Amino acid sequence: MRNTWIVYQKEMLETARTYKLIWIPVVFILLGAMQPIITYYMPEILQAANNVPQGILEGYVMPGAGTVMSQALGQYSTIGILVLVLVAMNSLSGERYNGSAELVLSKPVSPAGFVIAKWAGLFTILFLALGLGVASALYYTEQLIGSLPWMDVVAAAALYGIWLLCALSLTLLFSAFLRAPAAAFLSLLSSAGMALADSLMPSWFQWTPAALPGLSARLLSEGREAVGVNLSPCLSAALLILFCVAGASTLMGRNKLPK
Amino acid sequence: MMQPLLQVSNLRKSYGRHLSVGGISFEIAQGSCVALLGPNGAGKTTTLRMIAGLLPPSAGSIGFTGSYQGGDFRRELGYLPQSPAFYGWMSGQEYVVFAAKLAGMNRKEAEGKAKAALERVGLKAAARRRIAGYSGGMKQRLGLAQALVHRPRLLLLDEPVSALDPIGRREVMELLREIREETTIVFSTHVLHDAEEVCDEIIVMKDGLIAEQGALSVLRSKYSQPVITVRTEKNAEAIQWLNSVGAKPFILEARLNGEHAVFNVDNLKQARHTILKEAAASNIPLLQFEAGSSTLEDMFMKVVGG
Ligand SMILES: Nc1ncnc2c1ncn2[C@@H]1O[C@H](COP(=O)(O)OP(=O)(O)O)[C@@H](O)[C@H]1O
Ligand SMILES: [Mg+2]
């Protein structure tokens, strides 16, 4: 327990030293701010591109604050996931292949402790990046478009965060037994697969973690009362994350030595 | 007799059908220094990793005796892998503090002990520099510092000098000689000379098995057998004569390599007399004749080569 904390502190020091603690939140802040700003200035942008047909400009209706906010969150399910997965892909495989894990695991640290420290480090990055990203999206949306109930935004961001955490946990799992690029590819593939399945057959997949982004968007456009409480996607996400961490611990224990 | 610190019995490790370590048994006494000696692929790394608890054995047992508080035997263990990898973004000091904390020390104690350990291995000046900028020799010494910092009762070092240049090698050997006064050391090497320089016991491994083990002094006298080396000119008659000598009753073992022959004999005096007399009588063109005794090196070369 204590040693898991020490390894976590080392993880956080590494994220700070390698500037991950800065550039990942910056990417999320930019992604979050971009959506309300672009939406607000869309008429000007279209006008500046002077060969745009007249009808489009006149038909432009400024979307509501809730829609803009959910579009901003939508950025995180594409570019956001990509950034997170690329950061997480090396977390276990890098240390397995170069041998630094062998040295740490020769100390009183269990593979599970090692994996949990890694997971907690990734969770911290996600928490910071998403928190700051959503704050900047909210700030510009309120300034430029309209106000939103804060509690709804927090709940919507949390739902999105759980979905992103699923993608991170999958990457960690694959990183425990594959090389980094394969781990990134497989986790992107499986998250995209889940999302696709959910969009094709929503009624079948509404209990899976892949339903979380949609739930988050509805929460923003329709409000908390209209959406009601839907726990099953959160529950299945928690199970998926637990499975990934447990699986990664087992696989890490078997594959900790460099070849 | 004191109870041994480490007791390994019938230790095996197989990967699929390939047997890396084929059932070995040995004991390591408290305070001793033992060299695990063997050519590449002998199973040294596999053995050390099993002792360090990094690799589950396929069969057999490893007993670590002693009064260790809190349960985890790894607290009492220092381990240095064959090519240690650190975090390049850390400084040497930070890494050793990290290792000391993992071994159970609080921050303050860890910092003090880390400083002392780094000074000890000669990295005081470089302690605050990033590990990414360290040379191979410095990394090896940092590896020693992180293995030593918590004063382990058993130090496992996997080929600590094999990758170093002569100067780095000298430094690390010097350190090992000091450290052996304080704790029990098991280190692996493929060079007999390294083992003789620091240790008093060796375990010779070959193909996953122990070919020979014991105190160096005992093994030296055991393998100090009378030996006669003969070299002739390269001609068929002489080579044939060497072969006939090899079949004589006083020859225990003959190793013939063309015009070069090494004979282990039981009675040096008689053998020398007979061989020289025959050589003179048959007019054999001798180039070299040497009577002496075999060394540990000969034994080791035989194990490694055969
Ligand atoms: N992970 C592994 N999978 C398969 N074979 C292995 C593995 N690790 C070691 N071996 C084999 O076990 C044998 C002993 O290896 P090793 O212990 O590294 O020897 P040494 O350290 O004495 O050079 C070698 O033949 C090696 O190929
Ligand atoms: Mg080896």
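What are the equivalent ellipsoid semi-axes of the range A:2-254, built from the alpha-carbon gyration tensor (square roots of five times its eigenvalues), in whole angstrom, biggest first? It would help to have the intermediate numbers written out before the result.
Working: eigenvalues 270, 80, 54 Å².
Over the Cα atoms of the range A:2-254, the semi-axes work out to 37, 20, 16 Å.
Counting pairwise Cα distances across the range B:224-304, what percent come out greater than 21 angstrom? Before the final figure, lay out each step's value.
Values: 731 of 3240 pairs.
The proportion of pairs with Cα distances above 21 Å equals 23 percent.
Please compute the alpha carbon radius of gyration of chain B, then divide it by the globular-protein estimate 2.2 N^0.38 Å. Two decimals is fine. Write down the numbers at each step before the final one.
On the way: Rg = 24.4 Å, N = 306, 2.2 N^0.38 = 19.4 Å.
For chain B, the normalised Cα radius of gyration comes out at 1.26.
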When chain B is treated as a Gaussian network with springs between alpha carbons less than 10 Å apart, the largest mean-square fluctuation among B:Glu197, B:Glu119, B:Glu259 is found at B:Glu259
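Please report, to one decimal in angstroms, the Kirkwood hydrodynamic radius of the range A:163-228 built from all distinct Cα-Cα pairs. Present the calculation step by step, with values, prior to reporting the outcome.
Values: mean 1/r = 0.0773 Å⁻¹.
Computed over Cα pairs of the range A:163-228, the Kirkwood hydrodynamic radius comes out at 12.9 Å.
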Using amide H atoms built 1.01 Å from N in the peptide plane, name the residues 5+ places from B:Ser83, or on other chains, whose amide H lies under 5 Å from its own.
-> none
Eligible lysines near B:Lys101 by straight Cα distance, threshold 17 Å, same-chain separation 8 or greater = A:Lys10, A:Lys107, B:Lys113, B:Lys115
Cα-Cα pairs in the range B:92-214 separated by more than 18 Å, as a whole percent of all pairs, come to 54 percent
Using modelled amide H (1.01 Å from N, peptide plane; none on Pro or chain starts), what sits under 5 Å from the amide H of B:Glu201, excluding residues fewer than 5 places away?
-> B:Cys33, B:Ala35, B:Leu216
Per-residue HN-Hα couplings for the range A:199-210, Karplus 6.51 cos²θ - 1.76 cosθ + 1.60 at θ = phi - 60°, whole Hz, x for Gly and Pro?
-> 6, 7, 10, x, 5, 6, 10, 5, 8, 8, x, 5
Globularity index of the range B:1-126, i.e. its alpha-carbon radius of gyration over 2.2 N^0.38 Å | 1.24
³J(HN,Hα), Karplus 6.51/-1.76/1.60, whole Hz, each residue of the range A:225-237, x for Gly, Pro = 5, 5, 7, x, 9, 10, 8, 4, x, 5, 5, 5, 5
Span from the the range B:82-109 Cα centroid across to the the range B:27-61 one, whole angstrom = 24 Å
Of A:Leu132, B:Ser91, A:Pro43, which is farthest on the positive side of the dipole of the protein assembly as shown, counting Cα position, with +1 on Lys and Arg Cβ, -1 on Asp and Glu Cβ, and the Cα centre as origin?
-> B:Ser91
Scan around B:Glu212 for amide H atoms under 5 Å from its own, H built in the peptide plane at 1.01 Å from N, and keep only partners 5 or more places away or cross-chain.
-> B:Val204
Options A:Leu21, A:Ser175, A:Ala33, ranked by Cα towards positive dipole end of chain A, top entry (Cβ charges) | A:Ser175
Restricting to aspartates and glutamates and to Cα separations under 13 Å from B:Lys248, and discarding same-chain partners fewer than 8 apart, the set is B:Asp266, B:Glu278
Relative contact order (percent, whole number), chain B, Cα cutoff 8 Å, 6+ residue spacing | 20 percent
Whole-Å semi-axes of the range A:24-142's equivalent ellipsoid, largest first, each the root of 5 times a Cα gyration tensor eigenvalue?
-> 44, 14, 9
The range A:124-259, Cα convex hull volume normalised per residue, Å³ | 123 Å³
From zero up to wherever the largest Cα-Cα distance of the protein assembly as shown sits, split into 20 Å bins and tell me the percent of pairs in each.
-> 17, 36, 25, 14, 6, 2, 0
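Read-outs: derived from the displayed coordinates by stated rules, not from any lab. Not measured: the values here are computed from a predicted model. Neighbour counts run over all protein chains shown; Cβ positions are idealised from the backbone, glycine included.
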